[in-house]
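Data first, discussion second: the structure below is written as structure tokens.
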Amino acid sequence: MPELPEVEATRQSFADGIAGARIVSAWLGKPLRWPLGVPVAELAGRTVRSVRRRGKYLLLDLDRGLLLLHLGMSGSLSFATVLPARGPHDHFELATTRGLLRLNDPRRFGAVVWAAGEDDPVARKLLGSLGVEPLSDAFDVLSFHAQLKSRKAAIKQVLLAGELVVGVGNIYASEALFLAGIHPTTRASRISLARATRLHAAVRDVLARAVQKGGSTLRDFSNAFGESGYFQLEAMVYDRAGQPCRVCGGAVRRIVQGQRATYYCPACQK
Ligand SMILES: [Zn+2]
């Protein structure tokens with residue numbers, strides 16, 4: 001599943017290229033997770049001003065309204081002046097003066113939704129409950145710690161829920177907790193300010209490095225140029241059950257929390 005770094009890597013791979021492009025025509029194939037909300041033909045003639053990201057949503061700012069694009073479980077975008085003929089899993093396409101933007105999504109949990117603006121009820125429903133952006137100044141150590149204090153669930157679950165901070169998906173939660181030396185089953189409310197400070201730094205570090213590496217290829221992810229990410233090659237614990245910890249040499253363990261696999265080092269994480 002594309003997580004925040006993959007979505008950000010996707011954004012960076014085509015944002016500059018499409019900025020200023022006029023939409024010549026738009027095409028919608030099989031239904032996606034949610035309806036577009038306007039007749040697809042109405043997108044023609046609009047100009048794409050910029051591409052932003054909020055959580056795992058890409059926001060294409062148009063000269064009137066915006067498109068919210070989600071990659072779901074298996075979505076990926078291509079942006080190029082020429083693309084091969086559409087295949088059975090291509091479900092949305094914008095032909096613009098600067099190239100074709102195409103969404104491929106075999107499982108169709110992705111979505112393209114039009115909204116009049118970010119205050120539009122449709123946009124608020126999708127974006128309104130998202131936690132702060134981990135790589136922005138809004139992600140503040142003291143408020144992060146204060147919010148952890150009010151959660152009794154395991155820290156791994158609290159990170160995954162995305163209510164305190166968005167984008168810490170399954171891979172990145174295991175990695176950040178390893179870097180911070182925090183056992184994944186620790187109750188969030190019991191984490192001291194010193195440990196919360198380490199975790200805050202670890203979340204930022206892991207996500208920033210993952211964006212830089214172009215995301216992870218664990219789910220056959222590639223960006224809008226068809227390039228794969230390399231993040232998983234340097235994972236400290238994720239998907240390394242039984243292998244030696246890269247710090248202490250002890251065996252990495254795998255447990256299941258909320259039906260998701262968690263990897264950790266019992267010696268390095270307390
Ligand atoms: Zn270790």
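The values are calculated or read from the model by the stated rules, or taken from the named source; none is laboratory data. The structure displayed is predicted, hence computed values, not measured ones. As a convention, Cβ positions derive from the backbone with ideal geometry for all residues, glycine included, and neighbour counts pool all protein chains shown. Accessible surface is based on the protein model in full, side chains and every heavy atom, while ligands, DNA and RNA are left aside. Shrake-Rupley method; radii C 1.70, N 1.55, O 1.52, S 1.80 Å.
Before moving on, here are some points about what is shown:
- Hits in the stretch 256-270 (condition: of a type in the set (D, E, K, R) and more than 13 Å from the ligand (Cβ to nearest atom)): Arg260
- The stretch 72-101, subset β-branched (Val, Ile, Thr) and in a loop (DSSP other than H, G, I, E, B), residue least open to solvent (accessible area, probe 1.4 Å): Thr97
- Residue in the stretch 52-70 that is over 18 Å from Ala111 (Cα atoms) and touching a Lys or Arg at 6+ places or on another chain (Cβ under 7 Å) present: yes
- Within the stretch 257-266, being open to solvent by 30 Å² or more (accessible area, probe 1.4 Å), closer than 11 Å to Lys156 by Cα and of a type outside the set (D, E, K, R) holds for one residue alone: Gly258.
- Among the candidates Gly110, Gly167, Gly117, residue that is crowded, with 18+ Cβ neighbours inside 10 Å and in contact with a strand residue (DSSP E or B) (Cβ under 9 Å, 6 or more places away or on another chain): Gly110
- Checking the stated criteria, Val48 turns out to be in contact with a strand residue (DSSP E or B) (Cβ under 8 Å, 6 or more places away or on another chain), modelled with pLDDT of 95 or more and outside any loop (DSSP other than H, G, I, E, B).
- The residues listed here are Arg190, Arg195, Arg253, Arg219; of these, the one that is under 29 Å from Thr10 (Cα atoms) and either away from the ligand (no atom under 16 Å from the Cβ) or at pLDDT 95 or above (or both) is Arg219.
- Qualifying residue in the stretch 4-12 (condition: polar (S, T, N, Q) and either within 17 Å of Gly110 (Cβ to Cβ) or in a helix (DSSP H, G or I) (or both)): yes
- Single residue of Leu62, Leu69 found to be open to solvent by less than 20 Å² (accessible area, probe 1.4 Å), touching a strand residue (DSSP E or B) at 6+ places or on another chain (Cβ under 7 Å) and closer than 17 Å to Val24 by Cα: Leu62
- Elements of type helices (runs of 4 or more DSSP H) contained in the stretch 103-182, each with 1 or more residues being under 28 Å from His89 (Cβ atoms): 121-127, 155-161, 170-180
- Among the conditions (1) over 17 Å from Tyr264 (Cα atoms); (2) in contact with a strand residue (DSSP E or B) (Cβ under 8 Å, 6 or more places away or on another chain), the only one that Leu160 does not satisfy is (1).
- Arg33 vs. criteria part of a strand (DSSP E or B) and open to solvent by 20 Å² or more (accessible area, probe 1.4 Å): no
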